[in-house]
Amino acid sequence: MKCLGIESTAHSFAIGIIDDKGKVLFDERSIYKPPLGKGIHPREAAQFHTEHATNVVKNALKKVKDIDVISFSQGPGLPNCLQIGASVARYLSIKYKKPLIGINHCIAHIEIGKLMTNCKDPVVVYCSGGNTQIIAYVGKKYRIFGETEDIPIGNAFDVLAREIGLEMPGGPKVEKLAKKGKWVDLPYVVKGMDLSFTGIVTQCKKLHKENVKKEDICYSFQETVFAMLTEVTERALAHTNKEEVLLVGGVAASHRLQDMMKVMCRGREAKSYSVPDKYAGDNGVMIAWNGILAFKSGQKMKIEDTNFIKDWRTDDVDVTWLK
Ligand code: AMP
Ligand code: MG
C-alpha cells in the first residue's frame with residue numbers, strides 16, 4: 001500500500017510518498033523564505049504554495065503511479081496555507097478516486113520520529129518554528145504535558161537571530177555563535193509544566209543594545225531555553241514512567257539540545273532519540289506515513305469533512321492506530 005501525503009501548514013508545500021513498510025518513495029519540498037528581517041507572511045506563503053504546488057504534484061505523480069491513499073495536513077497551521085493543501089488533496093482524491101484522510105500535523109511529526117528511530121512509546125519533545133509541546137501517549141490520546149505559553153521555541157530562536165542581525169532560519173546560526181560564548185544572566189521561565197520565551201528574548205534584545213557580545217547572548221539564550229525544555233521533559237518522564245524521550249520538529253536538529261536530553265536520560269536510565277535531521281522539519285513523508293497508519297486502522301473521511309482545522313489540538317485526535 002502506498003500513500004501520498006501533502007504538507008502545507010506554514011512555510012513548506014511538500015509531498016511525500018511512502019509505502020506501508022516505511023519505505024520512502026518520493027520526497028519533494030518547496031519552502032517559502034520570508035525577505036531578510038521579516039517573519040512568515042501568511043498570504044505571501046499561501047501565494048508561494050499556489051505557484052509551486054502544480055510542479056510538486058506533477059513530479060510526485062510522474063515518480064509513483066499506483067497510489068492507494070491520499071492524506072493531507074488538516075491542521076494546526078496558518079489558514080491561508082492549510083487551504084492550499086486541502087484543496088489540492090481533495091482534487092487529487094476526486095480525480096483519481098482514492099480515499100482521503102486529514103492528518104494532524106503535530107502527530108505526524110511524532111509518528112515519523114517513531115518510524116525513523118524505532119522507539120516505541122516515548123515522551124515526545126515537539127519543538128519547531130510553530131509549536132512547542134511535551135507530549136506522551138496516555139489513556140488512548142497523545143496528551144500534552146507541557147507547552148509554551150507564548151511563542152514557540154524555534155520562533156524564539158528566529159526572533160533573537162533577526163534582532164542581532166543573523167540570517168534565517170536563526171537556530172543553526174545561534175548554535176554556531178553559541179560555541180564561542182560565555183555565560184550572562186537571563187530569566188528562566190518555567191511555570192508548572194509550561195514554558196515562556198518572550199521575556200527571555202526581550203532581555204537578549206536589551207543586552208544586544210548594551211553591546212554585550214552576540215556570542216555570549218547566543219550561548220546564554222541556548223543554555224537557558226534548552227534547560228527549561230529538559231526540566232519539563234524530565235518531570236513528564238517521571239510522571240508517566242516512560243523509558244524513552246524522542247525529539248521531533250526543526251529544533252530537534254540542535255546538537256546542544258540532543259546532548260542535554262541525553263545527559264538527563266542517562267540519569268533516569270531512559271533512552272534519548274532524535275528524529276534524523278532530514279525529517280526534523282516539515283515534510284510530506286510524515287503526513288503520508290500517518291496516512292498509512294490512519295487508513296490501515298480503518299479511518300475514512302467524507303469530502304465534506306475535509307475542511308482545515310486551524311487550531312486542531314494534539315489531544316483532540318483519535319489515535320485509532322495505537323492499541
Ligand atoms: P520547523 O518549524 O519544524 O520547520 O523547524 C524550523 C525551526 O527550527 C526554525 O525556527 C529554526 O530556527 C529551528 N532550528 C533549526 N535548527 C536549529 C538548531 N540547530 N537550533 C535551534 N533551532 C533550530
Ligand atoms: Mg512542524
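The values are calculated or read from the model by the stated rules, or taken from the named source; none is laboratory data. From a predicted model like this one, the values you see are computed outputs, not experimental measurements. When we count neighbours, we look across all protein chains shown, and the Cβ atoms used for this are built from the backbone with ideal geometry, even at glycine. Surface accessibility is based on the protein's heavy atoms, side chains included, excluding ligands, DNA and RNA. Shrake-Rupley method; radii C 1.70, N 1.55, O 1.52, S 1.80 Å.
Would you confirm, using the coordinates I've provided, whether Lys271 is among the basic types (Lys, Arg) and either away from ligand 1 (no atom under 16 Å from the Cβ) or buried (at least 20 other Cβ atoms within 10 Å of the Cβ) (or both)? Walk me through how you get there before you give the answer.
Values: among the basic types (Lys, Arg): yes; either away from ligand 1 (no atom under 16 Å from the Cβ) or buried (at least 20 other Cβ atoms within 10 Å of the Cβ) (or both): yes.
Yes: the conditions hold for Lys271.
Have a look at Ile200, Ile217, Ile151 and point out the one that is within 16 Å of ligand 2 (Cβ to nearest atom), at pLDDT 95 or above and buried (at least 17 other Cβ atoms within 10 Å of the Cβ).
Details: Ile200 fails: within 16 Å of ligand 2 (Cβ to nearest atom); Ile217 fails: within 16 Å of ligand 2 (Cβ to nearest atom).
The conditions single out Ile151.
Please go through segment 1-56 and pick out each residue that is of a type in the set (Val, Ile, Thr) and out of contact with any Pro (no Cβ under 9 Å at 6 or more places or on another chain).
Of the residues in segment 1-56, the ones of a type in the set (Val, Ile, Thr) are 6, 9, 15, 17-18, 24, 31, 40, 50, 54, 56.
Within segment 1-56, Ile6, Ile15, Ile17, Ile18, Val24, Ile31, Thr50, Thr54, Val56 meet the criteria.
With respect to Leu257, determine if the residue is at pLDDT 95 or above, under 28 Å from Asn118 (Cβ atoms) and more than 13 Å from ligand 1 (Cβ to nearest atom). Quick ask: steps written out before the conclusion?
Working: at pLDDT 95 or above: yes; under 28 Å from Asn118 (Cβ atoms): yes; more than 13 Å from ligand 1 (Cβ to nearest atom): no.
So Leu257 does not fit the description; no.
State whether one or more residues within segment 68-89 are touching a Lys or Arg at 6+ places or on another chain (Cβ under 8 Å) and β-branched (Val, Ile, Thr).
Checked segment 68-89: at least one residue is touching a Lys or Arg at 6+ places or on another chain (Cβ under 8 Å) and β-branched (Val, Ile, Thr).
Where in segment 1-72 are the strands (runs of 3 or more DSSP E), entirely inside, with at least 1 residues that are open to solvent by less than 20 Å² (accessible area, probe 1.4 Å), of a type in the set (A, V, I, L, M) and more than 16 Å from ligand 2 (Cβ to nearest atom)?
On the way: elements: 2-7, 12-19, 24-31.
The qualifying strands (runs of 3 or more DSSP E) are 2-7, 12-19.
Quick test for you: out of Ile84, Ile101, pick the one residue that is surrounded by 20 or more Cβ atoms within 10 Å (Cβ to Cβ), in a strand (DSSP E or B) and either within 16 Å of ligand 1 (Cβ to nearest atom) or touching a residue at least 24 places away in the same chain (Cβ under 8 Å) (or both).
On the way: Ile84 fails: in a strand (DSSP E or B).
Result of the check over Ile84, Ile101: Ile101.
State whether the residues of segment 267-274 include one that is part of a helix (DSSP H, G or I) and more than 16 Å from ligand 2 (Cβ to nearest atom).
yes
Take segment 128-146 and flag every residue that is within 14 Å of ligand 2 (Cβ to nearest atom) and either at pLDDT 95 or above or among the aliphatic types (A, V, I, L, M) (or both).
Of segment 128-146, the ones within 14 Å of ligand 2 (Cβ to nearest atom) are 128-133, 135.
Residues satisfying the conditions are Thr132, Gln133, Ile135.
Consider only pairs whose beta carbons are under 6 Å apart and that are at least six residues apart or on different chains; among these, list those whose first residue lies in segment 146-163 and is farther than 14 Å from Cys218 by Cα and whose second residue is of a type in the set (Gly, Ala, Ser) and more than 10 Å from ligand 1 (Cβ to nearest atom).
Glu149/Ser196; Asp150/Ser196
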